[in-house]
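Chemist: Input: one structure, supplied below.
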Amino acid sequence: MKAGEYYLQDVREVGSGFRFNADKTFNFFFSYGAIDRESTGTWEQMGDSIILNSPKKPATDFEMTTAKQAGKKEVTIRVKDSNTMILGYIYCRIETTDGRILEANSNQQGIITFEKVPVKSISLLHELWPDRLSQFDIIDPAHNSFEFTIRPSIVNVEFKDLTLYIQDGGLFGAHPLMQGDEFKYVTD
(Lines give C-alpha, C1' and ligand atoms only; values in the text may rest on other atoms or scores of the structure.)
Protein backbone atom coordinates (compact mmCIF):
# COMPACT_ATOMS: atom_id res chain seq x y z
CA MET A 1 0.00 0.00 0.00
CA LYS A 2 1.22 3.48 -0.72
CA ALA A 3 1.25 6.05 2.08
CA GLY A 4 -1.14 8.96 1.66
CA GLU A 5 -4.67 10.12 2.33
CA TYR A 6 -7.65 7.85 1.78
CA TYR A 7 -11.18 9.28 1.92
CA LEU A 8 -14.47 7.51 2.58
CA GLN A 9 -16.65 7.33 -0.53
CA ASP A 10 -20.38 7.15 -1.22
CA VAL A 11 -21.64 8.03 2.27
CA ARG A 12 -23.75 11.16 2.23
CA GLU A 13 -23.13 13.98 4.70
CA VAL A 14 -20.14 12.21 6.27
CA GLY A 15 -16.52 13.30 5.91
CA SER A 16 -14.11 10.61 7.01
CA GLY A 17 -10.76 9.19 6.12
CA PHE A 18 -7.23 8.17 6.99
CA ARG A 19 -3.75 9.54 6.47
CA PHE A 20 -1.30 6.67 6.32
CA ASN A 21 2.25 7.82 7.01
CA ALA A 22 5.43 6.13 5.76
CA ASP A 23 6.54 5.56 9.37
CA LYS A 24 3.59 3.14 9.84
CA THR A 25 1.45 5.61 11.83
CA PHE A 26 -2.00 6.83 10.82
CA ASN A 27 -4.39 9.67 11.54
CA PHE A 28 -8.16 9.16 11.34
CA PHE A 29 -10.91 11.76 11.11
CA PHE A 30 -14.71 11.63 11.07
CA SER A 31 -17.12 14.52 10.73
CA TYR A 32 -20.91 14.31 10.66
CA GLY A 33 -22.93 17.42 11.45
CA ALA A 34 -21.67 18.81 14.77
CA ILE A 35 -19.83 15.61 15.64
CA ASP A 36 -16.09 15.38 15.03
CA ARG A 37 -14.00 12.37 15.97
CA GLU A 38 -10.33 11.54 15.53
CA SER A 39 -7.64 9.02 16.30
CA THR A 40 -4.00 8.22 15.78
CA GLY A 41 -2.31 4.89 15.83
CA THR A 42 -0.16 2.43 13.96
CA TRP A 43 -0.77 0.31 10.89
CA GLU A 44 0.85 -2.78 9.50
CA GLN A 45 0.45 -4.47 6.14
CA MET A 46 -0.03 -8.23 6.01
CA GLY A 47 -0.44 -9.32 2.40
CA ASP A 48 -3.42 -7.42 1.02
CA SER A 49 -4.64 -6.43 4.51
CA ILE A 50 -3.96 -3.29 6.54
CA ILE A 51 -4.36 -3.76 10.31
CA LEU A 52 -5.03 -0.62 12.41
CA ASN A 53 -4.46 -0.22 16.14
CA SER A 54 -4.51 2.80 18.44
CA PRO A 55 -3.63 3.43 22.07
CA LYS A 56 -6.26 2.25 24.52
CA LYS A 57 -8.62 4.94 25.78
CA PRO A 58 -9.04 5.62 29.51
CA ALA A 59 -11.55 3.29 31.20
CA THR A 60 -14.21 6.03 31.31
CA ASP A 61 -15.11 9.07 29.20
CA PHE A 62 -15.85 11.11 32.33
CA GLU A 63 -13.88 11.74 35.51
CA MET A 64 -15.49 12.11 38.92
CA THR A 65 -14.00 15.16 40.64
CA THR A 66 -16.26 15.48 43.68
CA ALA A 67 -18.52 13.18 45.70
CA LYS A 68 -19.94 14.54 48.95
CA GLN A 69 -22.95 14.72 51.19
CA ALA A 70 -24.77 18.02 50.79
CA GLY A 71 -27.78 19.42 52.65
CA LYS A 72 -29.93 19.17 49.53
CA LYS A 73 -33.17 17.22 49.39
CA GLU A 74 -32.14 15.61 46.08
CA VAL A 75 -29.27 13.87 44.32
CA THR A 76 -27.43 16.35 42.11
CA ILE A 77 -24.99 15.39 39.38
CA ARG A 78 -23.14 18.18 37.60
CA VAL A 79 -20.95 17.72 34.55
CA LYS A 80 -18.48 20.49 33.71
CA ASP A 81 -16.58 21.24 30.52
CA SER A 82 -15.00 24.34 29.02
CA ASN A 83 -17.30 23.90 26.00
CA THR A 84 -20.65 24.64 27.63
CA MET A 85 -22.48 23.94 24.34
CA ILE A 86 -22.09 20.17 24.84
CA LEU A 87 -23.41 19.95 28.41
CA GLY A 88 -27.07 19.46 27.45
CA TYR A 89 -26.52 16.05 25.83
CA ILE A 90 -25.67 13.78 28.74
CA TYR A 91 -27.72 10.73 29.68
CA CYS A 92 -27.46 9.58 33.30
CA ARG A 93 -28.57 6.40 35.01
CA ILE A 94 -28.24 5.79 38.73
CA GLU A 95 -28.71 2.55 40.58
CA THR A 96 -29.98 2.87 44.12
CA THR A 97 -28.85 0.66 46.98
CA ASP A 98 -32.24 -1.11 46.85
CA GLY A 99 -31.75 -1.98 43.15
CA ARG A 100 -33.94 0.66 41.49
CA ILE A 101 -32.75 2.24 38.25
CA LEU A 102 -33.46 5.95 37.73
CA GLU A 103 -32.74 7.76 34.44
CA ALA A 104 -32.57 11.40 33.39
CA ASN A 105 -30.86 13.75 30.96
CA SER A 106 -28.82 16.82 31.75
CA ASN A 107 -30.11 20.33 31.32
CA GLN A 108 -28.16 22.89 29.24
CA GLN A 109 -25.89 23.59 32.23
CA GLY A 110 -24.93 19.92 32.61
CA ILE A 111 -27.03 19.39 35.75
CA ILE A 112 -29.03 16.24 36.45
CA THR A 113 -31.24 15.83 39.51
CA PHE A 114 -33.00 12.88 41.09
CA GLU A 115 -35.07 12.35 44.21
CA LYS A 116 -32.86 11.90 47.26
CA VAL A 117 -32.01 8.20 47.37
CA PRO A 118 -28.95 6.23 48.49
CA VAL A 119 -26.81 5.85 45.33
CA LYS A 120 -24.95 2.64 44.53
CA SER A 121 -23.63 3.64 41.08
CA ILE A 122 -23.79 6.42 38.50
CA SER A 123 -23.50 5.81 34.75
CA LEU A 124 -23.01 8.58 32.20
CA LEU A 125 -23.18 8.60 28.39
CA HIS A 126 -22.61 11.61 26.15
CA GLU A 127 -25.10 11.50 23.29
CA LEU A 128 -22.67 13.11 20.82
CA TRP A 129 -20.01 10.46 21.52
CA PRO A 130 -22.09 7.42 22.52
CA ASP A 131 -19.39 4.76 22.29
CA ARG A 132 -19.80 3.47 25.82
CA LEU A 133 -21.44 4.02 29.17
CA SER A 134 -19.06 5.22 31.89
CA GLN A 135 -19.95 3.67 35.24
CA PHE A 136 -18.83 4.86 38.66
CA ASP A 137 -19.40 2.83 41.82
CA ILE A 138 -20.27 5.06 44.78
CA ILE A 139 -18.46 4.18 48.00
CA ASP A 140 -20.64 6.17 50.39
CA PRO A 141 -24.40 5.88 49.63
CA ALA A 142 -25.02 8.98 51.78
CA HIS A 143 -23.30 11.13 49.15
CA ASN A 144 -25.85 13.08 47.11
CA SER A 145 -23.75 15.73 45.33
CA PHE A 146 -21.42 14.67 42.50
CA GLU A 147 -19.32 16.55 39.95
CA PHE A 148 -17.75 15.16 36.82
CA THR A 149 -15.66 16.48 33.94
CA ILE A 150 -15.59 15.18 30.38
CA ARG A 151 -12.24 13.68 29.43
CA PRO A 152 -10.79 15.23 26.24
CA SER A 153 -10.21 11.67 24.98
CA ILE A 154 -13.99 11.22 24.56
CA VAL A 155 -13.59 12.31 20.91
CA ASN A 156 -10.92 9.69 20.21
CA VAL A 157 -11.85 6.53 18.39
CA GLU A 158 -10.21 3.34 19.60
CA PHE A 159 -8.92 0.94 16.95
CA LYS A 160 -8.28 -2.67 17.84
CA ASP A 161 -7.21 -4.78 14.89
CA LEU A 162 -9.51 -3.00 12.41
CA THR A 163 -8.77 -4.61 9.04
CA LEU A 164 -8.98 -2.90 5.66
CA TYR A 165 -8.28 -4.70 2.38
CA ILE A 166 -6.25 -3.31 -0.52
CA GLN A 167 -8.24 -3.57 -3.74
CA ASP A 168 -8.31 -1.63 -7.03
CA GLY A 169 -5.99 1.09 -5.72
CA GLY A 170 -8.21 1.79 -2.69
CA LEU A 171 -9.11 0.28 0.64
CA PHE A 172 -12.26 -1.65 1.52
CA GLY A 173 -13.68 -2.83 4.81
CA ALA A 174 -15.29 -1.65 8.01
CA HIS A 175 -15.62 1.84 9.40
CA PRO A 176 -14.94 2.21 13.14
CA LEU A 177 -18.10 4.28 13.77
CA MET A 178 -20.63 3.00 11.24
CA GLN A 179 -22.42 -0.31 10.76
CA GLY A 180 -21.28 -2.56 7.95
CA ASP A 181 -18.03 -3.79 6.48
CA GLU A 182 -18.23 -2.73 2.84
CA PHE A 183 -16.94 0.82 2.94
CA LYS A 184 -14.61 2.15 0.27
CA TYR A 185 -11.70 4.55 0.85
CA VAL A 186 -9.87 6.08 -2.11
CA THR A 187 -6.75 8.17 -2.39
CA ASP A 188 -6.78 11.48 -4.22
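The values are calculated or read from the model by the stated rules, or taken from the named source; none is laboratory data. These numbers come from a predicted model, not from an experiment. With ideal geometry, Cβ positions are generated from the backbone for all residues, glycine too; neighbour counts draw on all protein chains shown.
Chemist: Just to confirm my filter: which strands (runs of 3 or more DSSP E) fall fully inside region 80-152 and include at least 2 residues that are among the small types (Gly, Ala, Ser)?
Modeler: By residue number, 119-126.
Chemist: Ok, one more. Go through Arg132, Arg151 for me and flag whichever is surrounded by fewer than 16 Cβ atoms within 10 Å (Cβ to Cβ), in contact (Cβ under 8 Å) with a residue 24 or more places away in the chain and not hydroxyl-bearing (Ser, Thr, Tyr).
Modeler: Values: Arg151 fails: surrounded by fewer than 16 Cβ atoms within 10 Å (Cβ to Cβ).
Only one candidate passes the filter, namely Arg132.
Chemist: While we're on this one: If we keep just the residues of region 125-180 that are more than 30 Å from Thr76 (Cα to Cα) and of a type in the set (Phe, Trp, Tyr), which is nearest to the chain's Cα centre (by Cα)?
Modeler: Selected residue: Phe159.
Chemist: Return the pair list, or none, for Cβ contacts closer than 7 Å from residues in region 31-42 that are under 9 Å from Phe159 (Cβ atoms) to residues that are among the polar types (S, T, N, Q) and part of a loop (DSSP other than H, G, I, E, B), at least 6 apart or on different chains.
Modeler: Cβ pairs passing all conditions: Ser39/Ser54; Gly41/Ser54.
Residues checked against (1) modelled with pLDDT of 95 or more; (2) touching a Ser or Thr at 6+ places or on another chain (Cβ under 8 Å); (3) in the same structural domain as Thr76 (by TED's automatic domain parsing):
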| position | (1), (2), (3) |
| --- | --- |
| Gly110 | yes, yes, yes |
| Ser123 | yes, yes, yes |
| Leu128 | no, no, yes |
| Arg132 | no, no, yes |
| Ala142 | no, no, yes |
| Ser145 | yes, yes, yes |
| Ile150 | yes, no, yes |
| Gly169 | no, yes, no |
| Met178 | no, no, no |
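Chemist: Mind checking whether some residue in region 68-75 is in contact with a strand residue (DSSP E or B) (Cβ under 9 Å, 6 or more places away or on another chain), at pLDDT 95 or above, assigned by TED's automatic domain parsing to the domain that holds Asp181 and not small (Gly, Ala, Ser)?
Modeler: No, every residue in region 68-75 fails to be in contact with a strand residue (DSSP E or B) (Cβ under 9 Å, 6 or more places away or on another chain), at pLDDT 95 or above, assigned by TED's automatic domain parsing to the domain that holds Asp181 and not small (Gly, Ala, Ser).
Chemist: Give me the residue from region 158-188 that is among the hydrophobic types (A, V, I, L, M, F, W, C) and assigned to a loop (DSSP other than H, G, I, E, B) and, out of that set, surrounded by the fewest Cβ atoms within 10 Å (Cβ to Cβ). Write out each step before concluding.
Modeler: Restricting attention to region 158-188, the residues satisfying the condition of being among the hydrophobic types (A, V, I, L, M, F, W, C) are 159, 162, 164, 166, 171-172, 174, 177-178, 183, 186.
Add one more test, that the residue is assigned to a loop (DSSP other than H, G, I, E, B), and what stays is 159, 177.
Working: Phe159: 19, Leu177: 15.
Selected residue: Leu177.
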